[in-house]
Structure formats: C-alpha cells, structure tokens
Amino acid sequence: MPVATPAAVRQRIESGNTDPLYLLLGEDDVEKAALAAEFAGIVDEGLRAFNVERIHAGDMTSGDKLSTGVAELVSAVRTMPMMAPRRVVVVTQAEILLVPKRESEAATRALDDLETFLQQPQPQTTLVFVAGAIDKRSRMYKLLTKLATLVECGTIEDRADAERWVKNRIAAAGVDIEPAAARRLADRAGPDVKRLRGEVDRLLLYALGQPRITLDDVREVAGPAALQDDWAMTNAIEGGQAADALRQLALMLDAGAPPEKILGQLGWLVRTKFPNLAPAHLPAAVEGVFETDLALKRSAGDPRILLERLVVELCGGRQPWRSPR
C-alpha cells in the first residue's frame, strides 16, 4: 500500500473517499492525534456518536487482554454504519496491540486472529491505527506495509501544513490563537519543524497566562522570516507566479540579501532561461535588467521597488521597462 502525507490524507477525508486501513506513525504525537480526530469528518456530526469509535490499546498488556481487545476491535469494525455510509474506528497506542511486549500463547492466537481479520477489509469502515515507536521488523508491521496506507506525521510540506501544525500545537497547550497570528508564524518559520517548534515554545512562554495569542504577540516574538530556497524567486518567475515571486523577493530582502546579488540572480535567469522560456520577451527582459542595474548604481529609487517592478515585468508583463524619473 502507498505512503501518504498528512496533507494527502486530509484531502481524502474532505472528499469522503478514504482507504479502509491506515497506520499513523511518527514522533509528532500532536499531529497524529489531530489527524486521527479529523477522520471523524467522514461522518456527519449528528451521527458520530453512533459511527465513530475509539479503542485505547494501552491496557492490552497481557495475552488475555490482547485477545479481548482484538475481539472488541473486530466487532467494532464489522458493525454496520447507522444512517451513514461509513464508520470510523480509531485505535490509539496501537503499537501495544500490534507488537505485544510479552509473548504468550494467548498473545500469539490474538495476533493470528488480527492478521486474518486485517486481510479481509471491511468496505463500510475506515480503521485507523495510531502508533508510537514500533518495531519495523515485527510481523504485524510488515503486514501493514502491504495492507495499510502508511502516514508519517510530523512532516510539513508547505505553508498550509505549517499553519495547521501551529494551530494544533497551540491548541494542545490549551490556548487559542488568532488565524492571522497562526498564518504569520507559519510564514515566518516556513515548513521547518525544528524552527516551528522553537517559535511556538517561545510564543507560549511569552503569552503565558493569556487565553488567546494575537497577531501582535507573534510580531513581538517571532524571528525573521525564513528563506526556504535561494532560488525560489527565480523558480516562481519561470512559472509566471508573480505573487509568489514577490513574496520570495521580500523574504530575500528581509533576510539581508544585497539588492545587487538579487539582481545578479535575475540577470542569470534572463541569460540562461529566457531564450527558451520567453524568446519574444528576451530583448525587453535584458533591457529591464540593464535599466534596473543603472538605477541601483545611481540610487535612482528604492531598491525594493526597483526589484519588485523588474520581477513583475519578468513574470509576464510585456510593456517596456521604464526607470523611475
């Protein structure tokens, strides 16, 4: 079965088209708990009491308890949905169920029953195992790599993932955060989990005792914006994405990049990419770089504005570049 990102799983949840079996892994317990809770969204809110069930495997510490737990799990998954197309069953601390610490005949029989059951997926139920550290050499893990969709939690792919991570982490601390504040923090830190964790911890300490974190709090505490890719601006220009290119330009300038260095990147882009990317626009692009260079050397305008104009023009504008007078 495939390996999926949390973002991809959320898209499946929103569409209502989930796989029958998931295994949520990773060291980020907050992210795992948040994603597991989102599976309830498959079921209408008024029907969740009948169709969403949570099983805590933490108490399945002996062979007899394991046998009872497997029987409970099988019954929950095979129960037909009530006035809904699907049921959701979430098993927390699943590593205790899947890889028992104590071997016994009863535990072996329970795992045999569980293995047989998992090989017969129930079309009306989505089963979600939420596991901590698990031995990847174990029998059940190897089976689940074949049968389940594996989800590595704690990886952040983009700003939307970063913003969601911030909200979940703040909520886990029992504090609320303004949407604009979460967005600003995600923009500042980018998809860097280590930096996000540090920023959130510092923010929670700063706002200690406050029921809600505001945008002003983030402005006071958050560090400078993170530049994720030195070539993100030129990549955005190649794609004609003016808004993203301008944002990356701002990040570069805010991070202290000299305007001359940025212009050098733009000149490289025009020389090496535009002959194939936009041959009809090449003369105007070369002229734009040349005029911007002159304007910077003569201090003929704010360097930020000069570079922003050039970036917009390179992203697709066809009007001749004009230096500010």
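For segment 226-276, the mean projected area of the C-alpha convex hull, equal to one quarter of the hull surface, is 3.3 nm².
Rounded to whole Å, the principal axis extents of the Cα atoms in segment 33-187 read 55, 39, 28, largest first.
By the compact-protein rule of thumb, 2.2 N^0.38 Å, the alpha-carbon radius of gyration of segment 106-167 corresponds to a ratio of 1.47. Of the chymotrypsin sites (Phe, Trp or Tyr not before Pro) found in segment 231-325, those that fall in a DSSP loop while having at most 14 other beta-carbon atoms within 10 Å are W231. The Rg/Rh ratio for segment 127-213 is 1.11, where Rg is the radius of gyration of the alpha carbons and Rh is the Kirkwood radius. Dipole size of the chain about its Cα centre, with +1 on Lys/Arg Cβ and -1 on Asp/Glu Cβ: approximately 500 debye, rounded to the nearest 20. Sparse packing (at most 15 other Cβ atoms within 10 Å of the Cβ) combined with a DSSP loop state is found for the following GluC sites (Glu not before Pro) in segment 116-195: E157. Rg then Dmax, both in Å and based on the Cα atoms of segment 41-80: 12.6, 37. Compared with the direct C-alpha span, the chain from T272 to R219 gains 15.2 nm at full extension, assuming 0.36 nm per residue. For segment 294-299, backbone phi angles converted through the Karplus equation (6.51, -1.76, 1.60; θ = phi - 60°) give residue-by-residue couplings of 4, 5, 5, 5, 8, 6 Hz, Gly and Pro being listed as x. Compute the signed sum of charges (Lys and Arg +1, Asp and Glu -1) over the other residues within less than 9 Å, Cβ to Cβ, of G26. Once positives and negatives cancel, what remains is -4. Compared with the dominant Cα axis of the chain, that is its longest principal axis, helix 63-78 is turned about 70°. Listed cross-link partners K167/K194; K65/K101; K101/K136; K142/K194 are compared with a 24 Å cut-off, the Cα-Cα value being larger for K142/K194. GNM on the chain, alpha-carbon springs under 10 angstrom: the most fluctuating residue among L97, L253, L294 is L294.
Overall, the accessible surface of the chain at a probe of 1.4 angstrom is composed of carbon and sulfur to the extent of 51 percent.
Match the structure shown to one of the listed values (i) 52, 22, 17; (ii) 34, 21, 18; (iii) 52, 24, 21 of semi-axes √(5λ) of the Cα gyration tensor in Å, computed from it, and give that label. Matching the structure shown: (i).
Here the scattering of segment 197-267 is modelled by Debye summation over its C-alpha atoms, one equal scatterer each and no solvent; at q = 0.21 Å⁻¹ the log10 of I(q)/I(0) is -0.85. Amide H contacts of T125 (H built 1.01 Å from N, in plane; Pro and chain starts excluded): R87 sit under 5 Å, all sequence-distant by 5 or more or on other chains. For K136 and L205, the FRET efficiency from 1/(1 + (r/R0)^6), where r spans their Cβ atoms and R0 equals 35 Å, is about 0.45. Calculated on the Cα set of segment 185-313, radius of gyration then Dmax: 18.2, 60 Å. Near L111: Cβ cut-off under 14 Å, other residues only, Lys/Arg at +1 and Asp/Glu at -1. The net charge is -2. Our summary gives segment 8-73 a relative contact order of 24 percent, counting only alpha carbon pairs under 8 angstrom and 6 or more residues apart. Protein heavy-atom accessible surface, 1.4 Å probe, per residue over segment 1-152: 50 Å². Compare the Cα positions of G41, S75, I55 along the charge dipole of segment 1-107 (+1 at Cβ of Lys, Arg; -1 at Cβ of Asp, Glu; about the Cα centre) and return the one farthest towards the positive end. The listed residue farthest towards the positive side: S75. Taken per residue, the accessible surface of segment 175-268 reaches 50 Å², heavy atoms only and a 1.4 Å probe. Converting the Cα gyration tensor eigenvalues of segment 1-125 into ellipsoid dimensions via √(5λ) gives semi-axes, longest first, of 25, 17, 13 Å.
The values are calculated or read from the model by the stated rules, or taken from the named source; none is laboratory data. No experiment lies behind these values; they were computed from the predicted model shown. When we count neighbours, we look across all protein chains shown, and the Cβ atoms used for this are built from the backbone with ideal geometry, even at glycine. With ligands, DNA and RNA removed, areas are computed over all heavy atoms of the protein, side chains included. Shrake-Rupley method; radii C 1.70, N 1.55, O 1.52, S 1.80 Å.
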